[in-house]
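The values are calculated or read from the model by the stated rules, or taken from the named source; none is laboratory data. Since the structure is predicted, the reported quantities are computational estimates derived from the model, not experimental observations. Positions of Cβ are generated from backbone atoms using ideal geometry, with glycine treated the same way; all protein chains shown enter the neighbour counts.
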Amino acid sequence: MNVIPTDIPGVLLLEPKVFGDERGFFFESYHRRTFHEASGIDLEFVQDNHSRSRKNVLRGLHYQIRQAQGKLVRVTAGEVWDVAVDLRKSSPTFGKWTGFTLSAESKRMAWIPAGFAHGFVVTSESADVLYKATDYYAPEHERTLLWSDPALAIQWPLRGEPMLAAKDRAGKPLGQAEVFA
């Protein structure tokens with residue numbers, strides 16, 4: 001597994017070893033020991049999530065203020081532009097974001113640590129996104145950071161207005177959001 005640091009320490013892109021031939025391909029999407037050896041991260045994942053979205057659907061920016069979740073994210077069909085925002089007040093990168101493309105073709109995965117808001121926009125006709133989480137979903141602790149907050153100035157690759165859930169339209173700007181210590 002190849003680990004690629006992003007411009008925010010702790011947020012990582014991971015390239016698995018892919019074995020392909022005329023029949024197709026095979027790769028281990030997750031192997032705890034390999035993940036630990038490559039990234040230095042040894043956590044237990046307790047929940048797997050799968051979403052399918054149409055082109056221009058924007059999901060996020062979500063986080064849980066308690067039961068914070070680290071997420072190992074990958075795309076199994078299509079392509080997304082994925083974003084992580086540092087919400088750790090004590091971090092030198094607090095309020096900063098990083099974005100990158102994840103696709104079924106590249107098979108890259110992203111590690112988003114606990115303490116970050118996470119979201120993505122679908123750039124292909126549709127996309128299936130799978131992610132492993134280090135803690136259980138707790139709707140009472142879920143928060144949404146406003147995807148279009150001018151203070152964040154995220155450069156989403158959008159054509160027109162995105163398709164949003166009501167909770168994403170009602171997200172809070174960084175200055176009003178609950179954040180981590």
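For the structure I just gave you, tell me whether Asp42 is at pLDDT below 95, touching a Phe, Trp or Tyr at 6+ places or on another chain (Cβ under 9 Å) and of a type outside the set (S, T, N, Q). Can you show your working first?
Numbers: at pLDDT below 95: yes; touching a Phe, Trp or Tyr at 6+ places or on another chain (Cβ under 9 Å): yes; of a type outside the set (S, T, N, Q): yes.
Yes: the conditions hold for Asp42.
Within the stretch 1-108, considering only strands (runs of 3 or more DSSP E) that don't extend past its boundaries, which have at least 2 residues that are among the β-branched types (Val, Ile, Thr) and surrounded by 12 or more Cβ atoms within 10 Å (Cβ to Cβ)?
By residue number, 71-77, 79-86, 97-103.
Can Asp82 be described as in contact (Cβ under 8 Å) with a residue 12 or more places away in the chain, within 16 Å of Glu15 (Cβ to Cβ), touching a strand residue (DSSP E or B) at 6+ places or on another chain (Cβ under 7 Å) and of a type in the set (D, E, K, R)?
yes
For the stretch 172-181, how many residues are aromatic (Phe, Trp, Tyr) and assigned to a loop (DSSP other than H, G, I, E, B)?
Of the residues in that region, 0 qualify.
Looking at His118 and the list (1) in a loop (DSSP other than H, G, I, E, B); (2) buried (at least 18 other Cβ atoms within 10 Å of the Cβ); (3) free of Cβ contacts under 8 Å to residues at least 60 places away in the same chain, which single condition is not satisfied?
Evaluating His118 over (1) in a loop (DSSP other than H, G, I, E, B); (2) buried (at least 18 other Cβ atoms within 10 Å of the Cβ); (3) free of Cβ contacts under 8 Å to residues at least 60 places away in the same chain leaves (1) as the failure.
Any idea how many residues of the stretch 130-171 are charged (D, E, K, R), outside any loop (DSSP other than H, G, I, E, B) and exposed (fewer than 15 other Cβ atoms within 10 Å of the Cβ)?
Of the residues in that region, 3 qualify.
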